[in-house]
Amino acid sequence: MNDRQPYEFFDHTADIGIRAEAPTLGELLVRMAQGLTELLVEQSHIEAIEERAVRLEAPDATSLLLAWLKELLYWFSAEGFLPSRYELTDVGPTSLRGVVRGERFDPQRHQQGREVKAITRHLLRVEERGGRWHGEVIVDI
């Protein structure tokens, strides 16, 4: 894993995991979101034509990652919204604020990927080591 390959997948029984590392917590959150989006629509091109504000709070960085991915999955499940650009302007271990741009799922242009049912707490991890942020999450497919 490196800056050109910002995240990777790993198998976990009937589920799949997303693992990433980044120089900042904000970049880690973006990379984990990119991994989730790839699971949902594979390598489909997503235009940044719709904008959504996001503001989340959590007791710690691990819970913040969970809340972040759950929010993005909700946007997709309920409204078909696919994120493509992230401007997280205020990120700390217990909160994030920013804007997410993307578009609605279009079966003519987007390839349906895996059906992600939930973001789980199982093996959920976010930590800072050696000046870099590391994260893992298991998604229920």
TODO: Could you tell me whether segment 86-93 includes any residue that is within 24 Å of E8 (Cβ to Cβ), part of a loop (DSSP other than H, G, I, E, B) and not hydroxyl-bearing (S, T, Y)?
DONE: yes
- [ ] Answer yes or no as to whether W75 is in contact with a helix residue (DSSP H, G or I) (Cβ under 9 Å, 6 or more places away or on another chain) and assigned to a helix (DSSP H, G or I).
- [x] no
Open item on the list: Out of G130, G113, I need the residue that is among the small types (G, A, S), surrounded by fewer than 19 Cβ atoms within 10 Å (Cβ to Cβ) and without any contact (Cβ under 8 Å) to a residue 24 or more places away in the chain. Which one?
Closed with: G130
Task: Test result for V100, in a strand (DSSP E or B), at pLDDT 95 or above and aliphatic (A, V, I, L, M) - done: yes
Task: The one condition in (1) within 22 Å of I16 (Cβ to Cβ); (2) modelled with pLDDT of 95 or more that V91 fails to fulfil - done: (1)
- [ ] Among what's in segment 9-49 and is part of a strand (DSSP E or B) and surrounded by fewer than 14 Cβ atoms within 10 Å (Cβ to Cβ), pick the residue that is modelled with the highest pLDDT.
- [x] F9
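The values are calculated or read from the model by the stated rules, or taken from the named source; none is laboratory data. Small disclaimer: the values here were computed from a predicted structure and weren't measured. All Cβ positions, glycine included, derive from the backbone under ideal geometry; neighbour counts span all protein chains shown.
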